[in-house]
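Step one of this worksheet: look at the structure below.
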Amino acid sequence: MEANVAFTFASILTPTNILLHQKSRVLELAFADGHAYRLPYEYLRVYSPSAEVRGHGPGQEVLQVGKKDVAITEVEPVGHYAIRPVFSDGHDTGIYSWEYLHDLGVRQDELWQRYLDRLAAAGASRDAA
């Protein structure tokens, strides 16, 4: 019974549709749980799950600046659990699991504001340098 619950949970977090909107620079995801999210490429880039962005432990995160106009040039599937976007700035090491993408959608407002606050505190800009 517990295995079925875990499987059901995993399948709920599997996207049923993934669309790249190149003009508006938005990744649109629809999930089996009925939720849909529109995640800007910049948001995905600055919250990349890669070690380059997150560091190798708490407090080692690297603030991403100048990513306002970043694009996704391609998306590669990673098994049946994730995607690996390739960004126009050359970043291609982030593996975005379905669970992580769902979390980015659920927490989008909070995380985006946190990013803007960090930029302001650092005196940095979203615009390219």
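The values are calculated or read from the model by the stated rules, or taken from the named source; none is laboratory data. Just so it is clear, the model here is predicted, and its values are computed rather than measured. All Cβ positions, glycine included, derive from the backbone under ideal geometry; neighbour counts span all protein chains shown.
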Would you point out which residue out of Asp33, Asp69, Asp89 is outside any strand (DSSP E or B), charged (D, E, K, R) and over 18 Å from Asp127 (Cα atoms)?
Asp33
In the range 104-129, the residues that are surrounded by 10 or more Cβ atoms within 10 Å (Cβ to Cβ) and outside any helix (DSSP H, G or I):
Arg107, Ala124, Ser125, Arg126, Asp127, Ala128
Flag if Glu28 is touching a His at 6+ places or on another chain (Cβ under 8 Å), closer than 27 Å to Ala122 by Cβ and either assigned to a strand (DSSP E or B) or free of Cβ contacts under 8 Å to residues at least 60 places away in the same chain (or both):
no
For residues that are more than 15 Å from the chain's Cα centre (by Cα) and modelled with pLDDT under 95, scanning just the range 78-117, find the one that is farthest from Leu29 (Cα to Cα).
Gly79
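Matching residues to (1) within 21 Å of Ala36 (Cβ to Cβ); (2) touching a residue at least 24 places away in the same chain (Cβ under 8 Å):
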| position | (1), (2) |
| --- | --- |
| Val46 | no, yes |
| Gly57 | no, no |
| Val78 | no, no |
| Asp89 | no, yes |
| Trp98 | yes, yes |
| Glu110 | yes, no |
| Arg118 | no, yes |
Would you confirm whether any residue within the range 45-65 is among the basic types (Lys, Arg), part of a loop (DSSP other than H, G, I, E, B) and buried (at least 20 other Cβ atoms within 10 Å of the Cβ)?
no
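Say we look at the range 50-63 and pick out the residues that are of a type outside the set (A, V, I, L, M) and in contact with a Ser or Thr (Cβ under 8 Å, 6 or more places away or on another chain); which of these is nearest to Leu27 (Cα to Cα)?
Going through the range 50-63, the residues of a type outside the set (A, V, I, L, M) turn out to be 50, 52, 54-61.
Of the ones still in play, those that are also in contact with a Ser or Thr (Cβ under 8 Å, 6 or more places away or on another chain) are 50, 52, 54.
Values: Ser50: 18, Glu52: 21, Arg54: 21 Å.
Checked the range 50-63; the qualifying residue nearest to Leu27 (Cα to Cα) is Ser50.
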Note on the range 14-63: residues more than 14 Å from Arg84 (Cα to Cα) and of a type in the set (Val, Ile, Thr) are Thr14, Thr16, Val26, Val46, Val53, Val62
